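Report on the following structure.
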Amino acid sequence: MEYVLTKNWHVPDQRKISVAEKNDAYSSLKKVFGMTPLQIIEEVKASGLRGRGGAGFATGIKWGFIPKDNKKPVYLINNFDESEPGTFKDRMIAEKDPHMIIEGMIIASFAIGAHTAFIYIRGEYHRPWEILEEALKEAYAKGYLGKNILGSGFDLDIFTHRGAGAYICGEETALLSSLEGGRGYPRIKPPFPAIAGAWACPTIVNNVETLSNIPYIINNGAAAFKKIGTEKSAGTKLMSASGHINKPGVYEVEMGLPIRTFLEEHLGGVWKGRKVKGVVPGGSSFAPLTNEEAMRTNLDFESCAAAGTSLGSGGFYVMDDTTCMVRLLQFTTKFYAHESCGQCTPCREGSGWISKIARRIESGNGRERDLNLLEDVCSNVVNGRTICVFADAMAMPVQGFLKKFRHEFEEHIRLGKCPHG
Amino acid sequence: MSFEFTIENKQRFEGYLKRYPQKKAALLPSLWLVQEQQGWISPESMEYLAGLLDLTPAHIFETATFYTMYNMKPIGKHHIQVCNSICCCLRGSEGVVQYLKKKLGVNVGESTADKRFHLSAVECLGSCGTAPMMQINNDYYEDLNEAKIDEILEKLK
Ligand SMILES: Cc1cc2nc3c(=O)[nH]c(=O)nc-3n(C[C@H](O)[C@H](O)[C@H](O)COP(=O)(O)O)c2cc1C
Ligand code: SF4
């Protein structure tokens, strides 16, 4: 397969602009400034690129939502919050090839008419932030950023904005609240950010990996990109692989790769010679797959959706056959209870309650009716009464664990302790 | 205990103001500057920022407390944050927390008596492939085991 994102990750000093330029960094810009913004948007639409931040929305279509008659400033925001448990791919792009991110942002800004762009990066990523700051400085010095870029007449500033430890700030409207200097509270949609985003101006929020695909699409054409992957999931996907496997790490795979192949050929199989009990393919917000389900599912949006889960942000983690699924759900729900922003009562109260029940079952004090109670609380948080889909992101794994590994929960309750010891 | 930015930080602050169409947006970066300068966000520093940014101290307090990384009280010199989230737990992060508690003689959320270390257990730090891991101040330490932890702490006198 052809590598779109990782082809220069092995190059020493690829972070430095002089080295990156030798490997084609910023070479797409000449072509870009010879095109109209509309042509670029059409090219991205034709490529079939879908967002890599979790929801998989078509990128070109999203860019096209910026109102045509708009008189206000337009903003591009690169969502580098990356806080979904299991996901660490965006960090690797920044550490290995930061100029690819900046190049993608320049093209996207030109296409949507933005002259100011922000990289919203989670506060914990201090070193990656320093790397990006250095890369931005280099790009300014070479005239790829600032006024009249490469004599095109196009001006663009890119700034970083550091978050400070809040998962919800990855949700695009919470991100905007945080960027504007307040609590990371999600906002009701519509209006969507493309109409009224940062400072009530049209705003496009894209994931780091999404934007990193753009230089390839411009250089090689939409058709070349569309040829990679599947019908509905074009291109490659960065998978962050962790858990009970022999070779964790970030892997670029062609969309459509069977999970079985990924596990056996890329990840070196399950550690300690054990077997798979469950796989979460797309990050903690989605339902786990059983071994049988995983072995007939592929890594692309449609196959994962058909299996009742999602490719999400590509946070792929594996549980071996000695894993206590009750304990894992306890960890999962602890996360969501900690991270609810607290604006909506069903989510604020429900997440705490769900986590409390999960903890109770794990500690051996579960009651028979607790499983139905968990299901009830879940259906009450995802009743469409919450401001954002965080509530869904919490309920989906809980419902998935209960459906697929119910016998383990029942056994826990019956024995009053963990059968795994 | 009044607070004021150093000359250098004042300059950085002025730079932040130029990035955004509204002053208020400079709040998160300004809080980072305060924390860098004195290690935590004191009431005096919030008053000070309120003056600079035309915000109420209440807004600043309310915002700062929403985020887990702003220290609302002084903490130890080396802030150890152990990732204790889903993927790290699969590879033994609870053992790391237990070991550090024993070794430092503190509970999670406490600083050592000599104020050298502060221990926290946090949610996903985005380093799942190198679990278990911890962050100490700005750096990640990965693929931890007890011997490695001993060695790391030894170097952080
Ligand atoms: C609770 C929650 C957390 C999210 N976290 C992230 C994140 O860390 N990074 C990200 O790119 N998108 C995240 N998203 C998705 C964003 O809201 C948004 O859809 C995405 O950044 C759009 O970019 P894309 O179209 O390029 O995928 C999150 C969504 C939700 C509901
Ligand atoms: S659903 Fe939860 S996270 Fe989303 S706005 Fe409501 S309380 Fe906040």
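Tabulated data
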| read-out | value |
| --- | --- |
| Residue within the range B:89-96 that is more than 9 Å from every other protein chain (Cβ to nearest Cβ) and basic (K, R) present | no |
| Residue among A:L311, A:L299 that is open to solvent by less than 30 Å² (accessible area, probe 1.4 Å), touching a residue at least 60 places away in the same chain (Cβ under 8 Å) and touching an Asp or Glu at 6+ places or on another chain (Cβ under 8 Å) | A:L311 |
| Which numbered condition A:P193 fails, given (1) farther than 24 Å from A:F33 by Cβ; (2) near ligand 1 (Cβ under 8 Å from one of its atoms) | (2) |
| Residue in the range A:373-390 that is nearest to ligand 2 (Cβ to nearest atom), counting only those that are more than 25 Å from A:P190 (Cβ to Cβ) and either without any contact (Cβ under 8 Å) to a residue 24 or more places away in the chain or loosely packed, with under 15 Cβ neighbours inside 10 Å (or both) | A:S379 |
| Any chance A:G366 is away from ligand 2 (no atom under 16 Å from the Cβ), of a type outside the set (V, I, T), part of a loop (DSSP other than H, G, I, E, B) and away from chain B (no Cβ under 14 Å) | yes |
| Verdict on A:P73 being facing chain B (nearest Cβ under 9 Å), within 14 Å of ligand 1 (Cβ to nearest atom) and either small (G, A, S) or outside any helix (DSSP H, G or I) (or both) | no |
| Test for A:G123: is it part of a loop (DSSP other than H, G, I, E, B) and on the phi > 0 side of the Ramachandran plot | no |
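This table checks each residue for (1) within 14 Å of chain B (Cβ to nearest Cβ); (2) outside any helix (DSSP H, G or I).
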{"residue": "A:E103", "(1), (2)": "no, no"}
{"residue": "A:I107", "(1), (2)": "no, no"}
{"residue": "A:F110", "(1), (2)": "no, no"}
{"residue": "A:A114", "(1), (2)": "yes, yes"}
{"residue": "A:W129", "(1), (2)": "yes, no"}
{"residue": "A:A135", "(1), (2)": "no, no"}
{"residue": "A:E138", "(1), (2)": "no, no"}
{"residue": "A:F154", "(1), (2)": "no, yes"}
{"residue": "A:L176", "(1), (2)": "yes, no"}
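To keep it simple, each residue is scored yes or no on (1) away from chain A (no Cβ under 14 Å); (2) assigned to a helix (DSSP H, G or I); (3) touching a Lys or Arg at 6+ places or on another chain (Cβ under 6 Å); (4) open to solvent by less than 10 Å² (accessible area, probe 1.4 Å).
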position	(1), (2), (3), (4)
B:P21	no, no, no, no
B:A25	no, yes, no, yes
B:S30	no, yes, no, yes
B:Q37	yes, yes, no, no
B:G76	yes, no, yes, yes
B:K101	yes, yes, no, no
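Residues are listed down the side, and each one gets a yes or a no for (1) open to solvent by less than 10 Å² (accessible area, probe 1.4 Å); (2) more than 16 Å from ligand 2 (Cβ to nearest atom); (3) away from every other protein chain (no Cβ under 14 Å); (4) in contact (Cβ under 8 Å) with a residue 24 or more places away in the chain:
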position: A:G181; (1), (2), (3), (4): yes, yes, no, no
position: A:P186; (1), (2), (3), (4): yes, no, no, yes
position: A:I204; (1), (2), (3), (4): yes, yes, yes, yes
position: A:I214; (1), (2), (3), (4): yes, yes, yes, yes
position: A:F225; (1), (2), (3), (4): yes, yes, yes, yes
position: A:K232; (1), (2), (3), (4): no, yes, yes, yes
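The values are calculated or read from the model by the stated rules, or taken from the named source; none is laboratory data. Here the structure is a predicted model, which means the values were calculated and not measured. Every residue, glycine as well, gets a Cβ built from its backbone with ideal geometry; the counts of neighbours run over all protein chains shown. Areas reflect the complete protein model, heavy atoms only, side chains present, ligands, DNA and RNA absent. Shrake-Rupley method; radii C 1.70, N 1.55, O 1.52, S 1.80 Å.
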